[in-house]
């Protein structure tokens, strides 16, 4: 069993950390809003007062935060992980921040700690079940060292060297945005042509985007979008996709259009709803 720090016990991080505790690992936990770690402390996690406090004496620190800026603060801010992480320990970032951020992180911690990128595919139910897909970027030896720990949270897959996991996560997320916006535009067209919503959804449930339709149909029909993966985070991720593509000279016209849809829906005040609320935005319908 490993001694670990876990920083970021929000909507996704809390059930992921709970899976580690259930597997028998010793866990120091920290969150910017301390009460979000209460349930983990009740399960015998140690509450740390700062990221530095969380990381002292551990074999690895795991970060699960919302943005590159949050990761910067947790690692390099006052009393950040970098101050407490022991020499030879690993920093396993499971956030979605993009490969450039991961490589900069590794460069700044070079000689002090190994940086591994292991972002996840899945939302809250998969985090609770321990069935996340985990894209591991790092050395093969590090994968062998940490795959058992990561298996408590899902299925780790070795995808390449440092930054490869973060890059693959952007590739996958670019398709998730496309599916959701595509469904929104299809239903918007159905509205304009006078096709009943029920009829359109029945037909789309038998089409190539059937899994997306079936997962989000209740949200669409009820106009209620409780967040498993927030629209604000989807907008952030599409921005990362577009910036990464521009950095390597690959303009992605569809990705830019998708980003604009999510940005507009966020500006409308839908950011804290599920990312499928972009469908209501595209259709000009209310969402809550």
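Go through 98, 84 for me and flag whichever is over 20 Å from residue 162 (Cα atoms), at pLDDT 95 or above and crowded, with 17+ Cβ neighbours inside 10 Å. Let's see the steps before the verdict.
Details: 98 fails: over 20 Å from residue 162 (Cα atoms).
The conditions single out 84.
Among the residues of region 259-267, is there at least one that is closer than 30 Å to residue 14 by Cα and surrounded by fewer than 12 Cβ atoms within 10 Å (Cβ to Cβ)? For region 259-267, residues closer than 30 Å to residue 14 by Cα and surrounded by fewer than 12 Cβ atoms within 10 Å (Cβ to Cβ): present. Taken together, 61, 54, 42, 70 contain a single residue that is at pLDDT 95 or above, surrounded by fewer than 24 Cβ atoms within 10 Å (Cβ to Cβ) and within 25 Å of residue 134 (Cα to Cα), which is 70. Screening region 1-113 for strands (runs of 3 or more DSSP E) wholly inside it with 3 or more residues that are closer than 24 Å to residue 155 by Cα and free of Cβ contacts under 8 Å to residues at least 40 places away in the same chain returns the ranges 26-30. Within region 242-288, being more than 20 Å from residue 188 (Cβ to Cβ) and assigned to a helix (DSSP H, G or I) holds for 242, 243, 244, 245, 246, 247.
The values are calculated or read from the model by the stated rules, or taken from the named source; none is laboratory data. Keep in mind the model is a prediction, meaning the values are calculated, not measured. Here Cβ is always computed from backbone atoms with ideal geometry, including for glycine, and neighbour counts include all displayed protein chains.
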